[in-house]
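None of the figures in this text is laboratory data; all of them are computed from the coordinates on show. Owing to the predicted nature of the structure, the values given are computational and were not obtained by experimental measurement. Cβ atoms come from the backbone with ideal geometry, glycine included; neighbour counts cover every protein chain shown.
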Amino acid sequence: MRKKVLLCVLVSLLSACSDGPTVPVDNDNAPKSEVGARKVRNGKITGDDGIGILGQKKDNSDGGAIGVNSYLWRATLDTLSFMPLVSADPFGGVIITDWYEDPKTTGERFKVNALILDKSLRADGVKITVFKQVMEHGMWRDQKVVEKLQQSLEDTILTRARQLRVSQLK
């Protein structure tokens, strides 16, 4: 099971390294010096918007200076706050929880992997994968998860993200 989770994390991290869409070159605003050309070629190490210091926000569309949409990030953490976290990477947009067993339903436990896919607040900006195990004969056995559960979690996260954005606009 750990190998599957590790493989999922590695695949998601590698897919984040792919080239984005190409942008047409505007020759009117081309750099005039070698230093300017080098900056354009190499880009900023901190990204286009820089890094916010002590929670200060830049004026960008995602509401923060982390690698993914900050509303989706906070909404995902809020939604999964009842589960213990194993890993949370705000720059890669990966949140991995540990196994959680509801005290009301013993012998059944869940684990969630959340992947935030974009810097903008979009309906397809978050991907949730839920894993389920059931105790059988003293051993945990993997079970199929109802797809509706994953969709429900994604909808809850999106609703919370919209609430966070609206509350910040007021």
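Residue-wise HN-Hα couplings along region 74-86, as the Karplus relation 6.51 cos²θ - 1.76 cosθ + 1.60 with θ = phi - 60° gives them from phi, are 5, 5, 5, 5, 4, 5, 9, 5, 7, 9, x, 8, 9 Hz; Gly and Pro carry x. Couplings for region 162-167, taken from phi via the Karplus curve 6.51 cos²θ - 1.76 cosθ + 1.60 with θ = phi - 60°, read 5, 4, 5, 5, 4, 5 Hz in order; Gly and Pro are left as x. When Lys and Arg each count +1 and Asp and Glu each count -1, what net charge do the other residues less than 10 Å away from Arg109, Cβ to Cβ, add up to? So the environment of Arg109 carries a net charge of -2. Only lysine pairs 8 or more places apart, or on different chains, with alpha-carbon atoms under 29 angstrom apart are counted in region 65-170, and they number 17. Placing pseudo-labels 7 Å out from each Cα toward the beta carbon at Phe82 and Arg122 gives an inter-label distance of 3.1 nm.
What FRET efficiency, computed as 1/(1 + (r/R0)^6) with R0 = 25 Å and r the Cβ-Cβ distance, is obtained for Glu136 and Thr156, rounded to the nearest 0.05? According to the calculation, E is roughly 0.25. Ordered by the number of other Cβ atoms lying within 10 Å of each residue's own Cβ, fewest first, Tyr71, Tyr100 fall into the sequence Tyr100, Tyr71.
For Glu108, the amide hydrogen comes within under 5 Å of the amide hydrogens of Met135, counting only partners 5 or more places away or on other chains and with H modelled in the peptide plane.
Under the simplified labelling scheme, the Gln163-Val146 pair shows an inter-label distance of 2.3 nm, with each label point 7 Å from Cα along Cα→Cβ.
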